[in-house]
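Data first, discussion second: the structure below is written as structure tokens.
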Amino acid sequence: MIVTIDGPAGSGKSTAARGLSQRLGFEFLDTGAMYRCVAWSVLDQNVDPTDEEAVEVISQQIKISFSDAQVLVDGRNVSEAIRTPEVTEVASLIAQYPVVRTELVRLQRQAAEGIDIVSEGRDQGTVVFPEAFCKFFLIADPQERARRRQAELRTQGKNMSVAEILQQIDQRDQRDEQRTVAPLVPADDAVEFNTSTLTIEEVLDQLEQIVRSRM
Ligand code: C5P
């Protein structure tokens, strides 16, 4: 059984996907972390992120694994390193490259083989798992999304203004929405939620109810 949760940056999908997977007893797949791993590797190897061919090679060779909430690249724990603003920016850029997407989509389908999973990203319901039995598309007001991102950055000891974050989020969303391959759009059969005024428990209650009604 596959549940997909897609949406723009800061829409609350990671928290929702993680919480929902726990409530259902399903595995959880953070596909954004995979794009971040490629971006981290690009920076780690001093490759120019605009050199599409060089980035493609990295995406074809990279070994990404998840273990006990840790993200590993070639056995190295990169869980924190992939959350920096630099990696965030490069991830958004390299996610536009068709070959990179093909490679990561292959790994995502492999990861979901034979298990029950909640998979979160931008294209999970449209491209990666079109056959998923339950699809959600989460949105939230820009101010709220920026505020959430600001709180997340604070936990990493970084201070950024809401205005600055808003500008970055906007730019990432535009890239996701406008790219030719797997753009960010709700699947036709996705249930849409605006999470701006809801607590995480309220979001989870509603998502869980819908999933269980279809099981
Ligand atoms: O979700 P997160 O912010 O961690 O994702 C990092 C970047 O990876 C996003 O800015 C987006 O461009 C890209 N991404 C994607 N497709 C996915 C997941 C993430 O293009 N399924």
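The values are calculated or read from the model by the stated rules, or taken from the named source; none is laboratory data. Model, not experiment: these values are computed from the prediction. All Cβ positions, glycine included, derive from the backbone under ideal geometry; neighbour counts span all protein chains shown. These area figures cover heavy atoms from the full protein model, side chains too; ligands, DNA and RNA do not enter into them. Shrake-Rupley method; radii C 1.70, N 1.55, O 1.52, S 1.80 Å.
Tabulated values for the structure
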quantity: Failed item, numbered, when residue 163 is tested on (1) hydrophobic (A, V, I, L, M, F, W, C); (2) in a helix (DSSP H, G or I); (3) more than 26 Å from residue 59 (Cβ to Cβ); (4) in contact with a Phe, Trp or Tyr (Cβ under 7 Å, 6 or more places away or on another chain); calculated: (4)
quantity: Pick from segment 179-204, criterion assigned to a helix (DSSP H, G or I) and either in contact with a strand residue (DSSP E or B) (Cβ under 7 Å, 6 or more places away or on another chain) or modelled with pLDDT of 95 or more (or both), ranking: most open to solvent (accessible area, probe 1.4 Å); calculated: 201
quantity: Residue check for residue 100: closer than 30 Å to residue 53 by Cα and among the hydrophobic types (A, V, I, L, M, F, W, C); calculated: yes
quantity: Selection count, segment 96-150, where residues are touching a residue at least 12 places away in the same chain (Cβ under 8 Å) and assigned to a loop (DSSP other than H, G, I, E, B); calculated: 13
quantity: Filter result for residue 55 (touching a residue at least 12 places away in the same chain (Cβ under 8 Å), β-branched (Val, Ile, Thr), within 19 Å of residue 176 (Cα to Cα) and not in a strand (DSSP E or B)); calculated: yes
quantity: So residue 213, is it of a type outside the set (Phe, Trp, Tyr) and closer than 16 Å to residue 12 by Cα; calculated: no
quantity: Failed criterion for residue 47 (all others in (1) in a loop (DSSP other than H, G, I, E, B); (2) within 9 Å of the ligand (Cβ to nearest atom) hold); calculated: (2)
quantity: Residues of segment 151-160 satisfying the condition of being under 28 Å from residue 108 (Cα atoms) and either outside any helix (DSSP H, G or I) or open to solvent by 60 Å² or more (accessible area, probe 1.4 Å) (or both); calculated: 152, 156
quantity: Filtered residues of segment 110-125 (kept if of a type outside the set (S, T, N, Q) and within 12 Å of the ligand (Cβ to nearest atom)); calculated: 120, 121, 122, 123, 125
quantity: Criterion: open to solvent by less than 20 Å² (accessible area, probe 1.4 Å) and over 27 Å from residue 39 (Cβ atoms) - qualifying residue of 105, 118, 211; calculated: 211
quantity: Residues (more than 9 Å from the ligand (Cβ to nearest atom) and either surrounded by fewer than 16 Cβ atoms within 10 Å (Cβ to Cβ) or not aliphatic (A, V, I, L, M) (or both)) located in segment 73-88; calculated: 74, 75, 76, 77, 79, 80, 84, 85, 86
